[in-house]
Amino acid sequence: MFQLDLFLQAIFSAPLFKGALLTIGLSLCVMTVSLVLGMGLGSMAGSPRRSTRWLATLYVWLFRSAPALLVLLFVWNGLPQISAIFRADWFTPFFAAFLALSLIQIAYLAEILRSAFAAVGHGQREGAAALGMHRWQIFLVITMPQALRIAVPALMNEFISLLKTTSLATVISLKELMTVSQFAIATSFRFLEWYGAALVYYLAIVSLLTLAQNRIEHVLSRGYR
């Protein structure tokens, strides 16, 4: 039978709360780095130089094709075999998950941002250049604000997907939300209560992100409504 008292105890337990904070922290770190690097890769994908476009396309093809679980295991188990640097104490499960998920996320965000950059009218960039603006000024003042407004829904969807993908880090013993739940289940053999509590956390986090997405879209749409 489902035990309501154990379910409530699981929701308010310190280990599950810490696991949720670790999940959010890892997702924020990965998304921040991936957004910055994804902008650069997305710009490379739209470069007039063929070699630059091919490099960007190759990276996107590789990490969009590789399963997230495979990349996680390769980073955690494979890199220490490649170099002794990755056998040091600083190479923790958190850093390994951050590196693996960032490599994947950069590829997805680059493709989203590439299409968003392409959606900005070329005539606007030509007009800004005619006014004497430098290429980077055009990108920061003209292209990027409009592209981000276009890309916000897709970027937020990727962030929500990333938040759930962090559960795969349980295979490298990162003590995120799902790992803590499985540890608790291993000692209590109560599946419904602990999985239900983990689901409540995921629902709460995703609901907050959805509200944040609506707010960001509202702010960015000012002047376009």
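Grab the beta carbon distance between residue 217 and residue 119, set R0 = 22 Å, and tell me the FRET efficiency rounded to 0.05. Walk me through the intermediate numbers first.
Details: r = 16 Å, r/R0 = 0.72.
Once the sixth-power term is evaluated, E becomes 0.90.
Using only DSSP helix segments of four residues or longer, with each worth -39500 (n - 2.57), what per-residue ellipticity at 222 nm results for the chain after dividing by its residue count and rounding to 500?
On the way: 10 runs with 166 residues, N = 225.
When only DSSP H runs of four or more count, the value is -24500 deg cm²/dmol.
Suppose we look only past 16 Å in the calculated P(r) of the stretch 26-91. What percent of the Cα-Cα pairs does that tail hold? Could the numbers behind the result be given before it?
Details: 1367 of 2145 pairs.
It works out to 64 percent of all Cα pairs.
What residues qualify as long-range amide H neighbours of residue 190, i.e. H under 5 Å apart, gap of 5 or more or another chain, H built at 1.01 Å from N?
none
Springs between alpha-carbon atoms under 10 Å, Gaussian network over the chain: tell me which of 107, 14, 116 tops the mean-square fluctuations.
Between 107, 14, 116, it is 14 that shows the largest mean-square fluctuation.
Rolling a 1.4 angstrom probe over the protein heavy atoms, how many square angstrom per residue are accessible across the chain? Provide the component values of the computation, followed by the final result.
Details: 12870 Å² over 225 residues.
So the chain comes to 57 Å² accessible per residue, rounded to a whole number.
Springs between alpha-carbon atoms under 10 Å, Gaussian network over the chain: tell me which of 71, 30, 171 tops the mean-square fluctuations.
171
Per-residue accessible area for residue 122 at 1.4 Å probe radius, Å² rounded to 10?
110 Å²
So, counting K/R as plus one and D/E as minus one, what does the shell of residues with Cβ under 11 Å around residue 38 add up to?
Values: positive: 114; negative: 111, 158.
Here the count lands on -1.
Please identify the DSSP H helices in the chain that span no less than 20 Å along the helix axis (Cα) and have a mean Kyte-Doolittle hydropathy of 0.0 or more. Please list the in-between numbers first.
On the way: long enough: 14-45 (45 Å, 1.64); 50-65 (22 Å, 0.04); 93-119 (39 Å, 1.56); 144-165 (29 Å, 0.76); 191-220 (43 Å, 0.99).
Within the chain the helices that satisfy the rule are 14-45, 50-65, 93-119, 144-165, 191-220.
Taking a 1.4 Å probe, which of 1, 144, 44 shows the most accessible area, and what order do the others take after it?
Details: 1 195, 144 45, 44 70 Å².
Final ranking, largest accessible area leading: 1, 44, 144.
May I ask you to give the average projected area over all directions of the convex hull of the Cα atoms of the stretch 51-173, in nm² rounded to one decimal?
Details: hull surface 38.5 nm².
Computing the convex hull of the Cα atoms and averaging its projections yields 9.6 nm².
Based on the Cα gyration tensor of the chain, what are the three equivalent ellipsoid semi-axes, each the root of five times an eigenvalue, rounded to whole Å and given largest first? Kindly include the intermediate steps, with their values, before the conclusion.
Values: eigenvalues 298, 112, 28 Å².
Listed largest to smallest, the semi-axes of the chain are 39, 24, 12 Å.
Would you mind telling me the share, in percent, of accessible area of the chain contributed by carbon and sulfur at probe 1.4 angstrom? If you can, show how the numbers build up before the last one.
Working: 8880 of 12870 Å².
It is 69 percent, rounded to a whole number.
The values are calculated or read from the model by the stated rules, or taken from the named source; none is laboratory data. Since the model is a prediction, treat every value here as computed from it, not as a measurement. Counting neighbours? That spans all protein chains shown, and the Cβs are built from the backbone with ideal geometry, glycine included. Accessible surface areas use protein heavy atoms only, side chains included; no ligands, DNA or RNA. Shrake-Rupley method; radii C 1.70, N 1.55, O 1.52, S 1.80 Å.
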